[in-house]
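Scroll down for the structure; my scribbles are underneath it.
The values are calculated or read from the model by the stated rules, or taken from the named source; none is laboratory data. In this text, all values refer to a predicted model and were calculated from it rather than measured experimentally. Glycine gets a Cβ as well: all are built from the backbone with ideal geometry, and neighbour counts include every protein chain shown.
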């Protein structure tokens, strides 16, 4: 009797989830955000280094470790790309993330989300230490671009209160009815650092003010 050799399972591919569009007044859970940076995939991936990780794998781990230090236990795939400085829709990101998943360095806690594991944290080495509210505010501002950074300053200044869209727009020299303003606010909401507590008003979230920091 001939026994057929067992075939090895094919690698698990990480697929991107398409989130629903947030509406004003909704609490947004999905924090996908497109990344504009375009990088050469060959340069990003490269050959594994002394730690056994490619450049792309190292960037993803470092980004997730940074997010973990900022209070995010899990991040959407798009934000994982943003924190890594990569395009989450690119092949280099997908291949690197799949290898990290198979190595047990990251996990998929829910569809469309990624998280670093304890083993992954051990592989990243020292990460940015967040010791104060100023540290965490600066860390988030590094993840945004103008005019979102200026909007964060305004939202942080009025926290825990909300501010009207008109006043928020005026604080950054924009029109509350303009498309650029709406896109900027939406980007902050997708990052989960801003929310709509009521119709027509915007507020910072608790991610910017974690317990224990002053």
(message) Condition (residue is in a helix (DSSP H, G or I) and free of Cβ contacts under 8 Å to residues at least 40 places away in the same chain) applied to the range 198-208: is it met by at least one residue?
(response) yes
(request) Kindly indicate the residue of the range 106-124 that is out of contact with any strand residue (DSSP E or B) (no Cβ under 7 Å at 6 or more places or on another chain) and touching a residue at least 40 places away in the same chain (Cβ under 8 Å) and also farthest from residue 60 (Cα to Cα) among those meeting that condition. (result) 111
(request) Evaluate the following for residue 151: is it farther than 28 Å from residue 214 by Cα and part of a helix (DSSP H, G or I)? (result) no
(message) Being buried (at least 20 other Cβ atoms within 10 Å of the Cβ), at pLDDT 95 or above, in contact with a helix residue (DSSP H, G or I) (Cβ under 6 Å, 6 or more places away or on another chain) and more than 30 Å from residue 57 (Cα to Cα): is that true of residue 202 here?
(response) yes
(request) Considering each of 187, 88, 96, 80 in turn, give the residue that is surrounded by 18 or more Cβ atoms within 10 Å (Cβ to Cβ), assigned to a helix (DSSP H, G or I), in the same structural domain as residue 49 (by TED's automatic domain parsing) and modelled with pLDDT under 95. (result) 80
(request) Output yes when any residue across the range 111-125 is within 23 Å of residue 88 (Cβ to Cβ), outside the structural domain of residue 78 (by TED's automatic domain parsing) and in a loop (DSSP other than H, G, I, E, B), and no when none is. (result) no
(message) Looking for something within 20 Å of the chain's Cα centre (by Cα) and surrounded by fewer than 18 Cβ atoms within 10 Å (Cβ to Cβ) - is there at least one such residue anywhere in the range 151-165?
(response) yes
(message) Considering only residues that are in contact with a helix residue (DSSP H, G or I) (Cβ under 7 Å, 6 or more places away or on another chain), in contact (Cβ under 8 Å) with a residue 60 or more places away in the chain and either surrounded by 23 or more Cβ atoms within 10 Å (Cβ to Cβ) or part of a helix (DSSP H, G or I) (or both), which ones fall in the range 65-77?
(response) 65, 66
(message) Please count how many residues of the range 125-134 are more than 20 Å from residue 59 (Cα to Cα) and free of Cβ contacts under 8 Å to residues at least 24 places away in the same chain.
(response) 1
